[in-house]
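Notes follow once the structure below has been shown.
The values are calculated or read from the model by the stated rules, or taken from the named source; none is laboratory data. Keep in mind it's a predicted model, so treat the numbers as computed, not measured. Cβ atoms come from the backbone with ideal geometry, glycine included; neighbour counts cover every protein chain shown.
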Amino acid sequence: MICKNIKLFSQNIWKNSLLIKTILEVNNNFDIIFIQELSWTMIWSISSSNSCEGDTIVSVINHPNWLTFTKSSANESDYPRIVTYINIRLSSFHFSLQKDIIDYKNILLISFFNNNDSFWLMNIYLDSSYLALKYLKDTKVNIQNMLIMIGDFNI
């Protein structure tokens with residue numbers, strides 16, 4: 001399968017869970033959705049031998065029509081601010097999160113294959129301290145076939 005036209009959508013949702021649910025539900029005609037400033041929500045509470053209240057499982061919002069790519073963190077103050085959703089109709093391109101190449105909480109590097117070539121997508125959230133740009137500047141990575149680098153750069 002050769003992909004010729006990929007439809008992209010990018011949005012800063014300002015930590016609004018309802019907005020992200022709506023975007024995932026009504027934007028099924030898009031192929032890839034880049035979200036910045038996502039909200040992490042409690043998904044489930046499970047029994048725990050450490051706490052009477054139990055442990056909460058916190059995650060980003062998922063949807064059955066979308067493959068979800070984000071990084072995880074055990075510390076609430078260190079949650080990533082980005083997520084990328086890939087429409088499941090593109091799953092044959094074998095999308096993969098590349099933490100081994102770029103491992104920074106507010107940069108997602110995703111690879112996929114098309115017609116025996118690998119391509120790359122990057123979703124970035126830039127905070128007021130410009131830490132993601134500093135990370136990219138200090139990281140010497142040569143990525144061929146970067147299809148798109150998109151995000152909320154706050155510049």
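If you go through the range 124-139 one residue at a time, do you hit one that is at pLDDT below 90 and assigned to a strand (DSSP E or B)?
Scanning the range 124-139, I find no residue that is at pLDDT below 90 and assigned to a strand (DSSP E or B), so the answer is no.
Restricting the range 98-125 to residues that are in contact (Cβ under 8 Å) with a residue 40 or more places away in the chain and over 15 Å from Phe34 (Cβ atoms), which is nearest to the chain's Cα centre (by Cα)?
So the residue we want is Ile101.
Please work out if Ser128 is touching a residue at least 40 places away in the same chain (Cβ under 8 Å) and over 16 Å from the mean Cα position of the chain (by Cα).
Working: touching a residue at least 40 places away in the same chain (Cβ under 8 Å): no; over 16 Å from the mean Cα position of the chain (by Cα): yes.
Judged against the criteria, Ser128 is not a match.
Is it the case that Ile61 is outside any strand (DSSP E or B), modelled with pLDDT under 95 and surrounded by 15 or more Cβ atoms within 10 Å (Cβ to Cβ)? Can you show your working first?
Values: outside any strand (DSSP E or B): yes; modelled with pLDDT under 95: yes; surrounded by 15 or more Cβ atoms within 10 Å (Cβ to Cβ): yes.
It is true that Ile61 is outside any strand (DSSP E or B), modelled with pLDDT under 95 and surrounded by 15 or more Cβ atoms within 10 Å (Cβ to Cβ).
Taking the conditions exactly as written (without any contact (Cβ under 8 Å) to a residue 40 or more places away in the chain and farther than 27 Å from Ser77 by Cβ), does Lys140 satisfy them or not?
yes
Taking Leu121, is it of a type in the set (A, V, I, L, M, F, W, C), under 16 Å from Ser73 (Cα atoms) and either in contact with a His (Cβ under 7 Å, 6 or more places away or on another chain) or assigned to a strand (DSSP E or B) (or both)?
no
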